[in-house]
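What follows is a short report on a single structure.
The values are calculated or read from the model by the stated rules, or taken from the named source; none is laboratory data. Given the structure is predicted, the values throughout are model-derived calculations rather than measurements. Counting neighbours? That spans all protein chains shown, and the Cβs are built from the backbone with ideal geometry, glycine included. When the accessible area is computed, the model is the full protein with side chains, heavy atoms only, and any ligands, DNA or RNA have been set aside. Shrake-Rupley method; radii C 1.70, N 1.55, O 1.52, S 1.80 Å.
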Amino acid sequence: MKIYDNSRLRNIAVLGHSGCGKTNLIEAIAYTSSLTNKIPRPTDKVNMTYSMGLIPVEYNDYKYNLLDTPGYFDFSGEVISSLSASDAAIIVVDATTDIQVGTEKSLELTESVPKIMFINKIDNEKARYKDTLGMLREKYGNKVVPMIIPIYKDKQFVKLHNIFENMDGLDGEFKDEAMSVKEALMELIAETDDEILDKYFSGEELSPEDIQKGLISGIQRGDIIPVICGSTVNNVGTIEILETVSKYLEPKYSDEASDFKGMIFKTIVDPFIGKMSYLKVTQGEVSKDTDIFNINKDLKEKISNLYTMKNNELIEMNKVKCGDIAIVTKVNSFQTGDTLSFKKVDNTINELSFPKPQIYFAITPKNKGDEEKVGAALNKIAEEDPTINWYRNSETKQALIGGQGELHINTIKNKIKDKFGVDVELDDLKVAYRETIRGSSDVQGKHKKQSGGHGQYGDVKIKFERSKNDFEFAEAIFGGSVPKQYIPAVEKGLKDSMLKGVLAGFPVTNIKATLYDGSYHDVDSSEMAFKMAASAAFKKGIEEAHPILLEPIMKLKIIIPEEYMGDVMGDINKRRGKILGMEPDDKGKQVIYAQAPQAETFKYAIDLRSMTQGRGYFEMELERYEEVPQQIAQRIISEANSK
């Protein structure tokens, strides 16, 4: 594959709802460009895309780096990575259905990205091209405008027509439609430039140069979203897509003569090749066997090899120019979002922003002793996918893995087995309950043991009360009733006892203990004896101070379309939650601020997706701990003690 200047490079992310034909479109383009000799068919089995794919194709002296993205919501991180390296996007829309959630999400994610829309399956007997176009324009405005329209005869698809071409051969209905569409597009083009606008209003015909200039500007600013239509399974519309992308989607890059700079936008750990890092060159050029600096890690690294892809195989490149994408192998420091430069000190390229996990599961190896293998596998998978988070909860003793949904988590589970050879199981999370006291107490704890030789003796009197802090220890000893050398042992005994409360064995928090009296024995007293005495006092003191159970309360920020407000708010109330407030966001959605017990939110991602047909999402973090209602607390305590 030859080296291209950036004026001949186009990096295009392909987005859309699952099943709309994204991968088929890329296969049809590959066929059109003679990269493959097979065109996709309806009977072909299409493997679901769960990760980004790079498919470079060459056509008419242009190179198109096509980035295939997953259509499932769970893999939005792959879409974000792809868009960070893209000059523009193609959003594939299914003409046989209503506007799908994936289409809406694609348009949200590409709000600041130049794009075209491809209405697919127009030759299908269930196709409703005009309805689909109408729904798109109703939802997203008149900036969605056709450039290529389908011509039908007796409800059968015949051909495509470019609205800028001669209309003499069109029947009345389609000629009127083409003229109407052209007029709407011309108006949008005129609005991109004052000079063109003056021509348009004076009745002067716009030149091809005016049209191209206006389309490039309008698409770049997001004021024009051209619509092309076709059929991936019959290779209709693919040439029109390639010509539109090359002619009207012009990327802007820094001077090619500048020093090299680039960004790692995706990493993959391949079991055979090792680490593969996808590099977008944003400035200058880079050759293989070149030393560069990883600005984020403050490390000097060597790029030994540069590759591109061809039919799923790595093809070596000697050099990569500004605007192009390459794959770098076996550089372990590279991570998604890292900026690379010839300079040791340089500004980083814009940081990528990924969604926080929506759902967590506990993950355990099926075979004891595989814990370290699971941890190593999760670390490598988290490098590939920044939307994953995993950590060990010290209170519940569970390893927790968070992702964007059940499918996402199950895909990780399968990857751990297939890539790293470790079988794991997924379980529900345990709630990190805690215990505290509502009242106060004044107790004595004594440890006395005599069994020949030196005995054991420790005696303490301690007052317990509620505290705003996790733990406060104070001493008010007079007259040396407890020698100073034993006071740290008393504090240590109390801290150790706090690990397991008297109600159900959960950690104890928010207590103050004041040591104010006690007694000792010159021979039999020791640090251990006073530690044991403090433990006895703790158990007795907490029991007498009205112990209660606490649960974590989560703060939620829920973003949904307005039509789902009633259902979502009602659901929060059913979860023992409270609505704190609401406000509109800048994308026409509603933001609900709420709080709810953690025990009621573990599967909230699944329920919210169901309530909003996939259109809602949320963020959640720990707010505070609060007393569990008595009836629920009794059940939790009973279950914990029975185990």
Next item on the list: Among the residues of region 503-519, write down those that are farther than 14 Å from Ser481 by Cβ and either out of contact with any strand residue (DSSP E or B) (no Cβ under 7 Å at 6 or more places or on another chain) or among the small types (Gly, Ala, Ser) (or both).
Entry: Ala504, Gly505, Ala513
Check: Is it the case that some residue within region 216-232 is outside any helix (DSSP H, G or I), more than 30 Å from Glu58 (Cα to Cα) and under 39 Å from the mean Cα position of the chain (by Cα)?
Finding: no
Next item on the list: Restricting attention to region 519-535, report how many residues are part of a loop (DSSP other than H, G, I, E, B) and in contact (Cβ under 8 Å) with a residue 40 or more places away in the chain.
Entry: 5
Notebook entry, point to check: Take the residues of region 422-455 that are open to solvent by less than 30 Å² (accessible area, probe 1.4 Å) and assigned to a strand (DSSP E or B): which is nearest to Ala489 (Cα to Cα)?
Noted result: Gly445
Note to self: I'm trying to understand the selection: among the residues of region 390-421, which are over 18 Å from Pro70 (Cα atoms), open to solvent by less than 60 Å² (accessible area, probe 1.4 Å) and not in a helix (DSSP H, G or I)?
What the structure shows: Trp390, Asn393, Thr396, Gln398, Ala399, Leu400, Ile401, Gly402
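Of the residues that make up region 272-284, is at least one over 28 Å from Ala88 (Cβ atoms) and open to solvent by less than 40 Å² (accessible area, probe 1.4 Å)?
yes
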Margin query: Tally up the residues in region 1-45 that are modelled with pLDDT of 90 or more, of a type in the set (Val, Ile, Thr) and out of contact with any Leu (no Cβ under 9 Å at 6 or more places or on another chain), please.
Written below: 2
Item checked: Candidates Ala326, Ala377 - the one that is more than 30 Å from Ser258 (Cα to Cα) and either free of Cβ contacts under 8 Å to residues at least 24 places away in the same chain or crowded, with 17+ Cβ neighbours inside 10 Å (or both) -> Ala377
Notebook entry, point to check: Quick one: is Gly505 within 42 Å of the chain's Cα centre (by Cα) and closer than 30 Å to Ser638 by Cα?
Noted result: yes
Checklist line | Considering residues of region 456-466 that are under 30 Å from Thr396 (Cα atoms) and open to solvent by less than 10 Å² (accessible area, probe 1.4 Å) only, the residue farthest from the chain's Cα centre (by Cα) | finding: Ile462
Notebook entry, point to check: With respect to Tyr140, is the statement that it is open to solvent by less than 60 Å² (accessible area, probe 1.4 Å), in contact (Cβ under 8 Å) with a residue 12 or more places away in the chain and within 21 Å of Lys589 (Cα to Cα) true?
Noted result: yes
Next item on the list: Quick one: which residue in Asp61, Asp98 is more than 26 Å from Ser34 (Cα to Cα), acidic (Asp, Glu) and open to solvent by 30 Å² or more (accessible area, probe 1.4 Å)?
Entry: Asp98
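Residues are listed down the side, and each one gets a yes or a no for (1) surrounded by fewer than 18 Cβ atoms within 10 Å (Cβ to Cβ); (2) within 18 Å of Glu104 (Cβ to Cβ); (3) modelled with pLDDT under 95:
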| position | (1), (2), (3) |
| --- | --- |
| Gly570 | yes, no, no |
| Asn573 | yes, no, no |
| Lys578 | yes, no, no |
| Met582 | yes, no, no |
| Asp585 | yes, yes, yes |
| Gln590 | no, yes, no |
| Ala594 | no, no, no |
| Gln598 | no, no, no |
| Lys603 | yes, no, yes |
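For (1) in contact with a helix residue (DSSP H, G or I) (Cβ under 7 Å, 6 or more places away or on another chain); (2) open to solvent by 20 Å² or more (accessible area, probe 1.4 Å); (3) in contact (Cβ under 8 Å) with a residue 40 or more places away in the chain; (4) closer than 19 Å to Ala545 by Cβ, each residue gets a yes or a no:
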{"residue": "Gly480", "(1), (2), (3), (4)": "no, yes, no, no"}
{"residue": "Pro488", "(1), (2), (3), (4)": "no, yes, no, no"}
{"residue": "Leu499", "(1), (2), (3), (4)": "no, yes, no, yes"}
{"residue": "Asp517", "(1), (2), (3), (4)": "no, yes, yes, yes"}
Notebook entry, point to check: Among the numbered criteria (1) open to solvent by 30 Å² or more (accessible area, probe 1.4 Å); (2) part of a helix (DSSP H, G or I), which single criterion is violated by Val245?
Noted result: (1)
Checklist line | Ser341 being farther than 20 Å from Asp423 by Cβ, free of Cβ contacts under 8 Å to residues at least 60 places away in the same chain and polar (S, T, N, Q) | finding: no
Check: For region 609-635, what are the residues that are open to solvent by less than 60 Å² (accessible area, probe 1.4 Å), touching a residue at least 60 places away in the same chain (Cβ under 8 Å) and not β-branched (Val, Ile, Thr)?
Finding: Gly614, Arg615, Phe618, Tyr625, Ala633
Note to self: I need the full set of residues from region 163-183 which are within 42 Å of the chain's Cα centre (by Cα) and either surrounded by fewer than 17 Cβ atoms within 10 Å (Cβ to Cβ) or at pLDDT 95 or above (or both), in order please.
What the structure shows: Phe164, Ser180, Glu183
